Amino acid sequence: MSTHPLHLDVPEGLPFIDFTREFDAPVAAVFRAHADPELVRQWLGPRGYEMTVEQFDFRSGGTYRYTHVDPDGNAYGFRGSLHTVRENELAIQTFEFDGAPDVVSIETLRFVDLGDGRTRLEGHSVYPSVEARDAMAQSGMETGMSQGYERLEEVLADRRTTRV
């Protein structure tokens, strides 16, 4: 279990979700783990799911597409466009789940340097309606995010111990 839990804020009647999560790793390492498709594949999503990255261009104007496959073989595809990426600082992107076509959220992710080699991620996702936001919040999103960020913590720790 992580010493840094995921904090979600799902305000009643508003079409957004905010989250924060801290890591005992420098901003550059946390940013790279979001930008490098091989590293993303190692941590994004729930435990026990396999991830295939079809496209991943983490830069302003880039796009991404990936698929998670659960232990029963069910596939879940996701795609989006990156509007703005500022290295070690910010990423603004769209996010769409294949299972809910035409429901596109706009997400902002800030990489905040806390000093002493620590980082806080601050996320803000805006949905087209409160109903769409509620469907996302009730989809198991919190579990998937929590497990994914625990996995990211493990990837970051492994990279620190194997750094040359």
Starting from the 7 Å offset along Cα-to-Cβ, what nm value, one decimal, do you get for the label separation of GLN55 and GLU12? 4.2 nm
Relative to the Cα centre, what is the charge dipole magnitude of segment 7-162, using +1 at the beta carbon of each Lys and Arg, -1 at the beta carbon of each Asp and Glu, and rounding to the nearest 20 debye? 420 debye
At 222 nm, what value in deg cm²/dmol follows for the chain if DSSP H runs of at least 4 each add -39500 (n - 2.57) and the sum is divided by all its residues, to the nearest 500? -8500 deg cm²/dmol
Going highest first, how would you order 12-21, 53-62 by mean Cβ packing within 10 Å? 12-21, 53-62
Given points 7 Å out from each Cα along the Cα-Cβ axis, report the GLU122 to ASP72 separation in nanometres with one decimal. 3.9 nm
HN-Hα couplings for segment 149-154 via Karplus (6.51, -1.76, 1.60; θ = phi - 60°), in whole Hz with x for Gly/Pro, come out as 6, 5, 5, 4, 4, 5
Over all pairs of distinct alpha carbons, what does the Kirkwood formula give as the hydrodynamic radius of the chain, in Å? 16.2 Å
On full extension of the chain, what length is gained from THR20 through ASN88, given 0.36 nm per residue of separation minus the C-alpha to C-alpha distance? 22.9 nm
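No lab work stands behind these numbers, since they all come straight from the coordinates. All values reported here derive from a predicted model rather than from experimental measurement. Backbone-built Cβ (ideal geometry, glycine too); neighbour counts: all protein chains shown.
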